[in-house]
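The structure under discussion appears below in the form of C-alpha cells.
The values are calculated or read from the model by the stated rules, or taken from the named source; none is laboratory data. Quick caveat, the model's predicted, so the values are computed rather than measured. We place every Cβ from the backbone using ideal geometry, glycine too, and count neighbours over all the protein chains shown.
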Amino acid sequence: MSGPPTDAALVALATDAARAAGDLLAERFGGPARGVESKSSRTDLVSDADRDAEALILDMIAAGRPGDAIVAEEGGGADGVGDAALRWVIDPLDGTTNFLWGIPHWSVSIAVSDAEGPRVGVVHDPTRGETFTAVRGAGADLGGRPLWLDDAPALAEALVGTGFNYRADERARQGARAAAVLPAVRDIRRFGSAALDLAWLAAGRMDAYYESGLNEWDWAAGRLLVTEAGGTVGELPSGADGGLPCVVAARAPLYAPLLALLGS
C-alpha cells in the first residue's frame, strides 16, 4: 500500500489487525499465564500475550503501511520514515489484569492520527465479538449500527464509569474523588479497560467516564469513538496535590457539570 490512504483502507487495516490480535488473545484466555512481569509498579503487569499480540499488530501495519509512525504500549513500533503523515497508537491488550485473572472484559485498541488529529479509531472486544469503529467526520459504528448519544439525564441520574491507577498514591486520590462523585450520580462502574469503557460510553451503555493517569494508547481510539458519537472528551489538568491529569468523557450536556464536580 502506498500513497495517501482512504479512511476505508485505514479502518480495514486497523480492524483486521485488532481482530487478528483478538483471536490470538482469545486462544490464550483462561490458560496458564506466561512471561508475566511488572512494569510501572508491582501491580502493573505485562505478559507474553500482550507482547505477542502487539508483535502481530505491528507486523500487519508494517506490511500494509510501511513508513508510518507507530507508538505501542509494550515498546514496539517505530518513528516512521521521514515526516510520517500517519501515526498509529496501539494498545494490544487493554485490561491485562482482567485477562490474567480470567475476567472477560479486555480489548484491543488501535487509533490512527494525522496532522489534524485522531482520524480512525477501532476498539475490538474479542470475548463479545464486538468491534467499535470511528472515522473523523463520518461517525462511530458498532457492527454496522451507527452510534449516537441522545439526550442526557441529569448528572444525579447518570451512570458513570471510572478506573484506578497502578500508583498507590494516585489510587488514594482517586478513592477520595470517587467518594465525592458517588453521592452526586446514579452510580459508578469500574470495569478495568479504559478503551472498552469509552467504547461503551459511545454506545450509550454509560453516560460518562473519567480516569486519571491514562496513557495515550489507553484512550486514543476511545476518544474518537465518543466524539464521533456526539459526546465530549477533554482532560482535567494535574492538580496542586501532584495528582495526574484526568480524562473526562460524557454525553455532551453532562460534560461541564461532571468537569465541575471533578474539579471541586
(request) Determine whether PRO183 is surrounded by fewer than 17 Cβ atoms within 10 Å (Cβ to Cβ), within 27 Å of VAL135 (Cβ to Cβ), free of Cβ contacts under 8 Å to residues at least 60 places away in the same chain and not hydrophobic (A, V, I, L, M, F, W, C). (result) no
(message) Take the conditions outside any helix (DSSP H, G or I) and either charged (D, E, K, R) or at pLDDT below 95 (or both) and apply them to TYR209. Does it pass?
(response) no
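Please determine, by comparing only the residues of the range 108-139 that are part of a loop (DSSP other than H, G, I, E, B) and of a type in the set (A, V, I, L, M), which one is nearest to ALA72 (Cα to Cα).
Among those residues, the one meeting the criterion is ALA115.
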(message) I'd like to know if the range 183-191 contains one or more residues that are under 22 Å from ARG136 (Cα atoms) and touching a strand residue (DSSP E or B) at 6+ places or on another chain (Cβ under 8 Å).
(response) no
(message) From the list THR162, THR232, THR227, exactly one residue is of a type in the set (Val, Ile, Thr), under 21 Å from GLY143 (Cβ atoms) and buried (at least 16 other Cβ atoms within 10 Å of the Cβ). Which is it?
(response) THR227
(request) Look through the range 34-52, keep the residues that are crowded, with 16+ Cβ neighbours inside 10 Å and either under 17 Å from ILE103 (Cβ atoms) or among the β-branched types (Val, Ile, Thr) (or both), and return whichever of them is modelled with the lowest pLDDT. (result) LEU45
(message) When you scan the range 119-142, do you find a residue that is modelled with pLDDT under 95 and on the phi > 0 side of the Ramachandran plot, even just one?
(response) no
(message) With the requirement that a residue be among the aromatic types (Phe, Trp, Tyr), more than 13 Å from the chain's Cα centre (by Cα) and within 19 Å of SER47 (Cα to Cα), what does the range 83-136 give you?
(response) PHE99, TRP101
(message) Within the range 228-237, does at least one residue satisfy the condition of being assigned to a loop (DSSP other than H, G, I, E, B), out of contact with any helix residue (DSSP H, G or I) (no Cβ under 6 Å at 6 or more places or on another chain) and charged (D, E, K, R)?
(response) no
(request) Give the range 146-164 a look and list any residue that's under 20 Å from the mean Cα position of the chain (by Cα) and without any contact (Cβ under 8 Å) to a residue 24 or more places away in the chain, or say none. (result) PRO146
(request) Working only within the range 86-118, note down all residues that are among the hydroxyl-bearing types (Ser, Thr, Tyr) and at pLDDT 95 or above. (result) SER107, SER109, SER113
(request) Being under 19 Å from ARG51 (Cβ atoms) and not aliphatic (A, V, I, L, M) is the filter here, so list the residues in the range 97-124 that pass it. (result) THR97, ASN98, PHE99, TRP101, TRP106, SER107, SER109, HIS124
(message) Being buried (at least 19 other Cβ atoms within 10 Å of the Cβ) and in a loop (DSSP other than H, G, I, E, B) is the filter here; which residues of the range 140-151 pass it?
(response) LEU149
